[in-house]
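Following: one structure in structure tokens, then a few remarks.
The values are calculated or read from the model by the stated rules, or taken from the named source; none is laboratory data. These numbers come from a predicted model, not from an experiment. Positions of Cβ are backbone-derived with ideal geometry, glycine not excepted, and every protein chain shown enters the neighbour counts. Areas reflect the complete protein model, heavy atoms only, side chains present, ligands, DNA and RNA absent. Shrake-Rupley method; radii C 1.70, N 1.55, O 1.52, S 1.80 Å.
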Amino acid sequence: MITKLVMATNNANKLREAREILAPLGIEVLSQREAGANCDPEENGTTFAENALIKARAVFEATGLPTIADDSGLCVEAMDGRPGVYSARYAPEGQHCSKLLDEMKDVPEEKRGAAFMCTIAYVDGNESSTMSGECKGSIGHEMRGTNGFGYDPVFMVGDRSMAELTPDEKNAISHRGAALKALYEYLSKK
Ligand code: ITT
């Protein structure tokens with residue numbers, strides 16, 4: 001069983017969450033920088049899986065070490081699934097939540113459904129695999145909470161926003177938690 005992986009990401013929050021989820025399962029996660037890679041490939045895929053594989057392959061090529069990458073985003077029903085794969089590019093840094101609240105301001109409660117999606121790609125030489133996770137919720141009416149990152153303050157799970165959950169609570173229900181648990185199952189059966 002693999003006990004050490006590199007994570008191909010420039011997002012420190014993704015790295016932190018992957019460590020929180022995988023360390024208790026006995027898997028150490030190195031940052032791409034710790035592994036000696038400095039990659040930021042163009043994410044020109046049209047699906048989460050394509051982009052996750054692009055990122056994982058780039059860091060595998062640079063390090064030769066088993067590598068995972070996470071491509072994720074928010075799919076909003078009233079916006080026909082947008083921003084989806086383009087979630088990072090939806091707004092300038094720091095303005096994603098406010099732009100989304102503005103775009104959703106006239107949408108009634110029952111049409112505010114949304115889901116966080118995450119695909120993890122695993123690459124080791126010629127072997128590659130992808131696993132996905134989903135977390136269903138809805139878009140709130142204001143930003144709430146200071147934990148987490150990205151769209152968490154406007155993503156409601158029950159009566160709390162994702163940013164009001166503790167890290168353990170988020171990881172137990174999150175899209176990333178689900179995808180990383182599927183990765184663990186995959187690695188443990190190899
Ligand atoms: P890397 O590509 O370097 O991994 P990135 O932040 O650019 O980092 P993505 O291209 O996968 O990552 O974009 C993900 C987008 O979805 C980004 O805007 C995130 O803020 C958002 N997102 C993903 N997971 C999230 C989570 O758990 N909570 C809130 N927002 C999330």
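At-a-glance table
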read-out: Which listed residue, of ALA58, ALA37, is part of a loop (DSSP other than H, G, I, E, B) and more than 29 Å from SER161 (Cβ to Cβ); value: ALA37
read-out: Tally of residues being within 12 Å of the ligand (Cβ to nearest atom) and open to solvent by 20 Å² or more (accessible area, probe 1.4 Å) across segment 154-171; value: 2
read-out: Unique match (being open to solvent by 50 Å² or more (accessible area, probe 1.4 Å), more than 9 Å from the ligand (Cβ to nearest atom), modelled with pLDDT of 95 or more and over 14 Å from the mean Cα position of the chain (by Cα)) among ALA58, ALA12, ALA35, ALA62; value: ALA62
read-out: Residue ranges of strands (runs of 3 or more DSSP E) in segment 71-172 with at least 1 members hydroxyl-bearing (Ser, Thr, Tyr), over 24 Å from GLU185 (Cβ atoms) and touching a strand residue (DSSP E or B) at 6+ places or on another chain (Cβ under 9 Å); value: 127-139
read-out: Matching option when the condition is surrounded by 15 or more Cβ atoms within 10 Å (Cβ to Cβ), more than 11 Å from the ligand (Cβ to nearest atom) and in contact (Cβ under 8 Å) with a residue 40 or more places away in the chain, among LEU53, LEU25; value: LEU53
read-out: Residue in segment 174-186 that is more than 9 Å from the ligand (Cβ to nearest atom) and assigned to a loop (DSSP other than H, G, I, E, B) present; value: no
read-out: From MET7, MET1, residue being open to solvent by 70 Å² or more (accessible area, probe 1.4 Å) and in contact (Cβ under 8 Å) with a residue 60 or more places away in the chain; value: MET1
read-out: Filter result for PRO83 (open to solvent by 70 Å² or more (accessible area, probe 1.4 Å) and within 14 Å of the ligand (Cβ to nearest atom)); value: no
read-out: Criterion: surrounded by fewer than 16 Cβ atoms within 10 Å (Cβ to Cβ) and either more than 10 Å from the ligand (Cβ to nearest atom) or at pLDDT 95 or above (or both) - qualifying residue of GLU42, GLU20; value: GLU42
read-out: Matching residues in segment 1-18 - criterion: being in contact with an Asp or Glu (Cβ under 8 Å, 6 or more places away or on another chain) and charged (D, E, K, R); value: LYS4, LYS14
read-out: Which numbered condition ALA88 misses (of (1) surrounded by 15 or more Cβ atoms within 10 Å (Cβ to Cβ); (2) more than 19 Å from ARG176 (Cα to Cα)); value: (2)
read-out: Residue match in segment 110-118 (condition: in contact with a Leu (Cβ under 8 Å, 6 or more places away or on another chain) and open to solvent by 50 Å² or more (accessible area, probe 1.4 Å)); value: yes
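Rundown of residues vs (1) buried (at least 20 other Cβ atoms within 10 Å of the Cβ); (2) over 17 Å from the mean Cα position of the chain (by Cα), yes/no style:
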position: SER128; (1), (2): no, yes
position: GLY133; (1), (2): yes, no
position: GLY140; (1), (2): yes, yes
position: ILE173; (1), (2): no, no
position: ALA178; (1), (2): yes, no
position: GLU185; (1), (2): no, yes
